[in-house]
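Enquirer: Sharing a structure below in structure tokens format, with a few things to ask.
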Amino acid sequence: MALPATGAHHTWRGNRTKAKRQAAAGVRCSARPGQAIAAIDAQTRNPNFLMWLQQVDTATTFTTSVCMGSVLLAAAGLLKGRRATSHWLGLHQGRLDGYGVTPVDDERVVTDGKYVTAAGVSAGIDMGLAIAGRLAGDDFAQIVQLMIEYAPEPPYATGSPHTAPASLVDAMRTQGFPHS
């Protein structure tokens, strides 16, 4: 089975390095755990970054996000009037509020037009498979799932606030992620 011609293309061409691309968009990334929220909050107030998202969006087949990335799309105005999801803690904290987005907390992947948002990081695989199915058909997406051996069997049933013990969910909501 051949990869389908989707018309998709890479946004960045040529020999621009990652640092140059980030600088062009006014992006600053932190690699330290626990600082992701602060970095996201900073970018929601970065007009260069938000304008870059709006410009890139005009040429995409799909505009997607995983985890808290939907907050950035919302801040850029791309999700106004649309349904979207995000990491459960971000939804609990109201991070999509004020952007005209309808937050969805009971779906791992939410598609609204060309916008596809995935909840936590692992939902990004679900999103990728859903998009592969839309672009190339169910058979192709199922082949991809088979080839990456995606058949999750997590050792704990705590992958969602709906299934995790309430004490863990409450601790995350009040104390945040434990740092070592």
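Enquirer: Under 14 Å from a point placed 7 Å out from the Cα of VAL56 along the Cα-to-Cβ direction: which residues of the stretch 112-131 have their backbone N that close?
Expert: The answer is 116.
Enquirer: At 1.4 Å probe size, put ILE40, ILE148, ILE125 in order of accessible surface, largest to smallest. Can you show the working numbers first?
Expert: Values: ILE40 30, ILE148 95, ILE125 70 Å².
Final ranking, largest accessible area leading: ILE148, ILE125, ILE40.
Enquirer: Could you give the accessible area per residue of the stretch 52-140, probe 1.4 Å, as a whole number in Å²? All intermediate terms of the calculation are to be shown ahead of the outcome.
Expert: Numbers: 3970 Å² over 89 residues.
It amounts to 45 Å² per residue over the stretch 52-140.
Enquirer: How do the peptides 85-94, 67-76 rank, highest first, by the average count of neighbouring beta carbon atoms within 10 Å per residue? Don't skip to the end; give the middle numbers.
Expert: On the way: 85-94: 20.1, 67-76: 23.6.
For the peptides 85-94, 67-76, the packing ranking is 67-76, 85-94.
Enquirer: Tally up the carbon and sulfur contribution to the accessible surface of the stretch 116-180 as a whole percent, 1.4 Å probe, everything protein left in place. Numbers along the way, then the final one.
Expert: Numbers: 2730 of 4520 Å².
Summing carbon and sulfur atoms, their accessible area is 61 percent of the total for the stretch 116-180.
The values are calculated or read from the model by the stated rules, or taken from the named source; none is laboratory data. Keep in mind the model is a prediction, meaning the values are calculated, not measured. When we count neighbours, we look across all protein chains shown, and the Cβ atoms used for this are built from the backbone with ideal geometry, even at glycine. For accessibility, only protein heavy atoms count, side chains too; no ligands or nucleic acids. Shrake-Rupley method; radii C 1.70, N 1.55, O 1.52, S 1.80 Å.
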